[in-house]
Structure formats: structure tokens, C-alpha cells
Amino acid sequence: MNYKKVILGIIAVIVVSLGSYYGVHSYANSKIKKSYAEGFEKNALGDYCKNRTDMVLCVYEAPLFQSYTNLSVTNIKDKVDLIIWVPLYGGNLRSGIIVTDDAAERSYEIEVDQNFKTDDKEYQEILDQNQEAIDVLKSVVKEEWNTEL
């Protein structure tokens, strides 16, 4: 058996597989950009952002070998952020809320369900206290990306 041919064959399969994955991943990222980043400016970090009154909206490209990317809406005034995880290869959107409490010098990162609820009672109380700001963020998402949360 010629081991040189076997090794070259294995290397060829790996190269073709990685190249194919890279092509599919790049295509999926471009579809996300086309769907969500139209009208946004690319910043120095390679993300696509748009400023609105007291808000920053961003679309991030998924790094290689990551199957989700995310959208974010940051409310600078209320210090509440909405993160939406968008699957590259199909599936349901997932959401999270980040609340910054300057008085306690703490930030709360809360993954929520479709109804913007969580099982943790402390986190649910934080969500309830910031419900008005969350509703504003959801309306911005609906207006900007035509996505119902």
C-alpha cells in the first residue's frame, strides 16, 4: 500500500471539506447581512451599526465555525440592551436582555423565552422593572428588521 497516496487523499478530503464549509458559512453570513444590515455602516471592527436617538443597532457577522450571529439594540438612556441570536442555518430566533445597574455596579444578562419571561425570580423582577424599556426595544426591532418578538 502506498501511504503517500493515502495521506494525500486524506489531506485533499479535509481541504475540500473545509473549503465547502467556508463557502456555505460565507453565503449564510451574506444572507444575514442582506436581510438585517441594509442601510447600516460597517465600523472599524467589521460590524454593521446604525445610530438612532438614544439607541445603537448592530448586526454582527458570525465567526467561522459558529452557527449563530446576533443583532443588538442598545438603549443608551435606559441602559437596557436587547440581543437576538439569529441562526445561520435555519431555526428559531432566541433573545436575551442585558440590564446595567449603575447604582449596584452590576450588569444582568438574562436569556428569555418567546414571551420575554425567565424562570429565575430575581431576573424576572428585573425584567418587570424594565418592561417599558424592553417594549421600546421590541418596537425598534419590529420597525427596523420587521421581526416580531
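All of the numbers you see were taken from the coordinates with simple rules; none came from a lab. Being a predicted model, the structure only gives us computed values, none of them experimental. Cβ placement follows ideal geometry from the backbone for every residue including glycine, while neighbour counts extend to all protein chains displayed.
General observations
- Under 5 Å between amide hydrogens, built in the peptide plane, is the criterion, and for residue 112 it picks out 95, 96, 97 among residues at least 5 positions away or on other chains.
- The modelled label-to-label distance for the pair residue 30/residue 111, using points 7 Å beyond Cα in the direction of Cβ, is 3.2 nm.
- Residues 98, 14, sorted so that the one with the fewest Cβ neighbours within 10 Å comes first: 14, 98
- In the chain, Cα pairs under 8 Å separated by at least six residues give a relative contact order of 13 percent.
- Amide H contacts under 5 Å for residue 52, placed H, 5+ residues apart: 57
- Around residue 94: net Lys/Arg minus Asp/Glu count, Cβ-Cβ under 10 Å: -2
- 3J(HN,Hα) couplings calculated from phi for region 12-27 with the Karplus curve 6.51 cos²θ - 1.76 cosθ + 1.60 (θ = phi - 60°) are, in sequence order, 4, 5, 5, 5, 5, 5, 5, x, 5, 4, 4, x, 5, 5, 5, 5 Hz; Gly and Pro show x.
- Interchain or long-range residues, amide H under 5 Å from residue 68's placed H: 88
- Furthest towards positive pole of dipole, 75, 3, 88, structure part the chain, Cβ charges: 3
- Convex hull of Cα atoms in the chain, direction-averaged projection (nm²): 12.6 nm²
- If you count Lys pairs in the chain whose Cα atoms are under 18 Å apart, skipping same-chain pairs closer than 8 places in sequence, the total is 15.
- Hz values of 3J(HN,Hα) by residue in region 83-92 - Karplus curve (6.51, -1.76, 1.60), Gly and Pro given as x: 10, 10, 8, 10, x, 6, 10, x, x, 8
- Remark: the chain carries a charge dipole of roughly 1280 debye about the Cα centre, counting +1 on each Lys and Arg Cβ and -1 on each Asp and Glu Cβ.
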